[in-house]
Amino acid sequence: MKLSYEITIDAGLDKVWAAFDNADNMGRWQQNFVSYTPVSGRPGEPGAVAELVFDEKGKKVVLRETITERRVPDFLAGSYESEHGTTIIVNHFEAIDASTTRWSAWCNLTFTGFMKFMSLFIGNVIRKRTEGDMQRFKLMVESDEANKKS
């Protein structure tokens, strides 16, 4: 399943990248996020591996993140493996002007086992969840920007 998303954030590219690149922020915008634990390599750098844990209706879901490519401040790609399959995510950040950034994300989800069948029915759920995560990220960055200007 291939999906793409785009959102415009009212903040400069450097500030958006800094917020996105900070693992401490993950719980502020990713739904059901529990923890991020580096496993190997330098976090956020190509080849680095980390464990991400989410609580999905009381069930612990573990993703193994491997960063595949990074170009500061506009590109980060990685693969995310779980018992249900693998997802490749490519994030691109583009300065529209000095105070506006476009975030584009491309996802390629490959499911295994029963989830391969279920994927026929959950595309809209995945899309809405990702759009919600991106909206929460936008709100977090823009709110942090508003607080800094006060």
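The values are calculated or read from the model by the stated rules, or taken from the named source; none is laboratory data. Bear in mind the structure is a predicted one, so any value in this text is a computation, not a measurement. So basically every Cβ, Gly included, is an ideal-geometry build from the backbone, and we count neighbours across all protein chains shown.
Counting the residues of segment 82-100 that are more than 23 Å from Glu131 (Cβ to Cβ) and surrounded by 15 or more Cβ atoms within 10 Å (Cβ to Cβ) gives 0. Kindly indicate whether Thr130 is within 24 Å of Gly12 (Cβ to Cβ), over 14 Å from the mean Cα position of the chain (by Cα), of a type in the set (Val, Ile, Thr) and at pLDDT 95 or above. No. Just one of the numbered conditions (1) under 18 Å from Trp29 (Cα atoms); (2) modelled with pLDDT of 95 or more is not true of Lys57: (2). Ala11 meets the conditions (1) within 14 Å of the chain's Cα centre (by Cα); (2) surrounded by 15 or more Cβ atoms within 10 Å (Cβ to Cβ) in every case but one. The failed one is (1). Only residues that are among the aliphatic types (A, V, I, L, M) and exposed (fewer than 13 other Cβ atoms within 10 Å of the Cβ) were counted across segment 128-150, and they come to 1. Exactly one residue out of Asp74, Asp21, Asp55 is of a type in the set (Asp, Glu), within 21 Å of Phe137 (Cβ to Cβ) and loosely packed, with under 14 Cβ neighbours inside 10 Å, and it is Asp55. Within segment 8-23, if we keep just the residues that are part of a loop (DSSP other than H, G, I, E, B) and out of contact with any helix residue (DSSP H, G or I) (no Cβ under 7 Å at 6 or more places or on another chain), the residue that is farthest from Ser104 (Cα to Cα) turns out to be Asn22. Whenever a residue of segment 1-19 is over 21 Å from Ile122 (Cβ atoms) and modelled with pLDDT of 95 or more, its partners that are outside any strand (DSSP E or B) and among the β-branched types (Val, Ile, Thr), lying with C-beta atoms within less than 6 angstrom and at least six residues away or across chains, give the pairs Ile9/Val16; Ile9/Val141; Ala11/Val141; Val16/Val141; Ala19/Val141. Residue pairs whose Cβ atoms lie under 9 Å apart, sitting 6 or more positions apart in sequence or on different chains, and linking a residue in segment 67-84 that is in contact (Cβ under 8 Å) with a residue 40 or more places away in the chain to a partner that is acidic (Asp, Glu) and in a loop (DSSP other than H, G, I, E, B), are Val72/Asp21; Pro73/Asp21; Leu76/Asp21.
Can you tell me which residue in segment 24-41 is surrounded by the fewest Cβ atoms within 10 Å (Cβ to Cβ), limited to those that are hydrophobic (A, V, I, L, M, F, W, C), in contact (Cβ under 8 Å) with a residue 24 or more places away in the chain and not in a helix (DSSP H, G or I)? Per the stated criteria, the residue is Val39.
Taken over segment 113-127, the criterion of being over 19 Å from the mean Cα position of the chain (by Cα) and surrounded by 12 or more Cβ atoms within 10 Å (Cβ to Cβ) is satisfied by Met115, Lys116, Met118, Ser119.
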